[in-house]
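Right, one structure below, let's go through it.
The values are calculated or read from the model by the stated rules, or taken from the named source; none is laboratory data. Not measured: the values here are computed from a predicted model. We place every Cβ from the backbone using ideal geometry, glycine too, and count neighbours over all the protein chains shown. Ligands, DNA and RNA are excluded from the accessible area calculation, which covers all protein heavy atoms including side chains. Shrake-Rupley method; radii C 1.70, N 1.55, O 1.52, S 1.80 Å.
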Amino acid sequence: MEDLILIVEDEPPQVEVLRYNLESEGFRTVVATGGEEALLLVKEEEPDLVVLDWMLPDLSGIEVCRQLKARPDSKTLPVIMLTARGEESDRVRGLDTGADDYVTKPYSPGEIIARIRAVLRRAHPERDEQLLKYADVTMDLAQHKVIRDGKSIHLGPTEFRLLKTLMERPGRVFSREQLLDRAWGRDIYVESRTVDVHIRRLRKALNVDGAPDLIRTVRGAGYAIDIETA
Ligand code: CA
């Protein structure tokens, strides 16, 4: 599941820019246009990170941040504060709001995305250890995501487990029986040709836009993830 970002900002053009850029990077978004609404949405939507503007019509961003950091259920929720250039940003930084990072307006989309990713990485160090990489494919096991050449690949649960099995040992040829054991479990009865059906789906999902086929069929033996060297 993609991370959910709560955008707290009262100016519609700012909201639209943030929303557009976050969603094009694969994040999900939810928007609050005031401080009270933000506090409510944190409880209701359980976002993974909050982008919080300092200047809001009701509660200030500083107050919202303090309240979030004071509550046991949102204490560890990462917050990035948005401030205006100059004195305001210095003042906010000087106040001990508990924010995880600050971004000064105007900012570039690239800058805020980079800050969000950095704060999320710090908040979830365990995620880094759950990546499998082969060629241009990355599997994020914790988040159940597959990326090929920077693009998100959507796989069904069986295809996900098949790919995980293959990516744990690149180059190794797995028989259909071995794949059944690992991707379906020993106790489930599935015909071995079912493996072929799911491998076909996996190939179709992975090999988008004419990308090279990474799955090698070894006649009479099974399948492997491999770059053809022939
Ligand atoms: Ca504002």
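Couple of notes before you dig in:
- Meets criteria (closer than 16 Å to L120 by Cβ, assigned by TED's automatic domain parsing to the domain that holds E9, in a loop (DSSP other than H, G, I, E, B) and modelled with pLDDT of 95 or more) for L77: yes
- Residues satisfying the stated conditions in the range 161-197, i.e. within 25 Å of the chain's Cα centre (by Cα), within 15 Å of G222 (Cα to Cα) and surrounded by fewer than 19 Cβ atoms within 10 Å (Cβ to Cβ): T165, R169, P170
- In this entry, L52 is excluded by the filter for residues that are within 16 Å of the ligand (Cβ to nearest atom), buried (at least 17 other Cβ atoms within 10 Å of the Cβ) and over 22 Å from H124 (Cβ atoms).
- The sole residue among R117, R200 that is open to solvent by 80 Å² or more (accessible area, probe 1.4 Å), assigned by TED's automatic domain parsing to the domain that holds D48 and assigned to a helix (DSSP H, G or I) is R117.
- Applying a threshold of 6 Å to beta carbon distances and a minimum spacing of six or more residues, or different chains, the list of pairs starting in the range 47-61 at a residue that is in a loop (DSSP other than H, G, I, E, B) and ending at one that is within 8 Å of the ligand (Cβ to nearest atom) and open to solvent by 10 Å² or more (accessible area, probe 1.4 Å) reads L56/D10; P57/D10.
- Considering the range 80-103, the residues that are in contact (Cβ under 8 Å) with a residue 12 or more places away in the chain and either assigned to a loop (DSSP other than H, G, I, E, B) or open to solvent by 70 Å² or more (accessible area, probe 1.4 Å) (or both) include one that is nearest to A123 (Cα to Cα), namely D100.
- Single match in E9, E36, E25 (criterion: away from the ligand (no atom under 16 Å from the Cβ), touching a residue at least 12 places away in the same chain (Cβ under 8 Å) and either open to solvent by 30 Å² or more (accessible area, probe 1.4 Å) or in the same structural domain as E111 (by TED's automatic domain parsing) (or both)): E25
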